[in-house]
1. Rounded, prolate or oblate: which fits the stretch 55-120 when a ≥ b ≥ c are the square roots of the eigenvalues of the alpha-carbon gyration tensor, with rounded for a/c under 1.5 and prolate only if a/b beats b/c?
2. Which residues does the label zone of H199 cover in the stretch 82-110, counting backbone N under 15 Å from a point 7 Å along Cα→Cβ?
3. Taking R0 as 25 Å, what's the FRET efficiency between A40 and T101 from their Cβ-Cβ distance, rounded to 0.05?
4. Let a ≥ b ≥ c be the square roots of the eigenvalues of the Cα gyration tensor of the stretch 1-79; is it rounded (a/c under 1.5), or, if not, prolate (a/b larger than b/c) or oblate?
5. May I ask you to evaluate 6.51 cos²θ - 1.76 cosθ + 1.60, the Karplus curve with θ = phi - 60°, for each residue of the stretch 21-27 and list the ³J(HN,Hα) values in order in whole Hz, giving x for glycine and proline?
6. Rounded, prolate or oblate: pick one for the stretch 84-123, where a ≥ b ≥ c are the square roots of the eigenvalues of its C-alpha gyration tensor, a/c under 1.5 means rounded, and failing that, prolate if a/b is larger than b/c, else oblate.
7. Report the label-to-label distance for V25 and E11 in nanometres (one decimal), using points 7 Å from each Cα along the Cα→Cβ vector.
8. Any lysines with Cα under 23 Å of the K167 Cα? List them, leaving off those in the same chain fewer than 8 positions away.
Amino acid sequence: MVVDDHPMWREGVARDLAEAGFLVVATSGEGRQAIRVAAAVRPDVVVLDLQLPDISGVEVVVGLRAALPDVRVLMLSASGEEQSVLDAVKAGATGYLVKSTAPSEFLDAVRRTANGDPVFTPGLAGLVLGEYRRLASGPTADAADDGEPGTPRLTARETEVLRLVAKGMSYKQIAQRLGLSHRTVQNHVQNTLGKLHLHNRVELTRYAIERGLDD
């Protein structure tokens, strides 16, 4: 699904996606409408602009995640402002690209987003990880310790995969590093998400960094 308030841009992105083999189930130019339509058509990925005429893209992310907890949202915005990026990710966006991204890179980003990989315009990934490290150094960082009663226990393999996720590696890279299939890596990540009651790889990355697993 493509959400952007500029008709020519919106239809152009939808056309590029369709020509690349993606099924575009809907388009929308307004935030509230996008949330309603998404709840009906249930897209796997929403390509979402940050600036919309009625509500902000960040508010749309919140609404989408409330209606469809498993949906993956790729922000595609003219703004690369630090706060815009952090607000979108904290709201639940899977990735963030600026509109100057090359078409081939955009299409690859949509594929990776569909697989659950966090995708960012070069430079923005470091910004997000830096923010997570800053938050991890705060007073809540030690709120949960692996030894505390009730803390979910991960297997050795799940912990190993989690460490590589925290380093920003894709499923394919993790699979190659550990000699596993892509599907097996996905299963380990999904099992870990379920045990930790997290929703996506962005939240999983933050969890890992808070516990120093990205070292």
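Read-outs throughout are calculated quantities, based only on the coordinates presented, and are distinct from any laboratory measurement. Remember, it's a predicted structure, so these values are computed and weren't measured experimentally. When we count neighbours, we look across all protein chains shown, and the Cβ atoms used for this are built from the backbone with ideal geometry, even at glycine.
1. Working: a/c = 2.08, a/b = 1.19, b/c = 1.74.
Oblate, because a/c is 1.5 or more while a/b does not exceed b/c.
2. Label zone hits: 87-95.
3. Working: r = 29 Å, r/R0 = 1.16.
Approximately 0.30, to the nearest 0.05.
4. Details: a/c = 1.69, a/b = 1.14, b/c = 1.48.
Oblate shape, in that a/c is at least 1.5 and b/c is the bigger or equal ratio.
5. Result, ordered by residue: x, 7, 8, 8, 8, 5, 9 Hz.
6. Details: a/c = 2.56, a/b = 1.29, b/c = 1.99.
Because a/c hits 1.5 or more and a/b fails to exceed b/c, the stretch 84-123 counts as oblate.
7. 2.4 nm
8. K167 reaches K90, K195.
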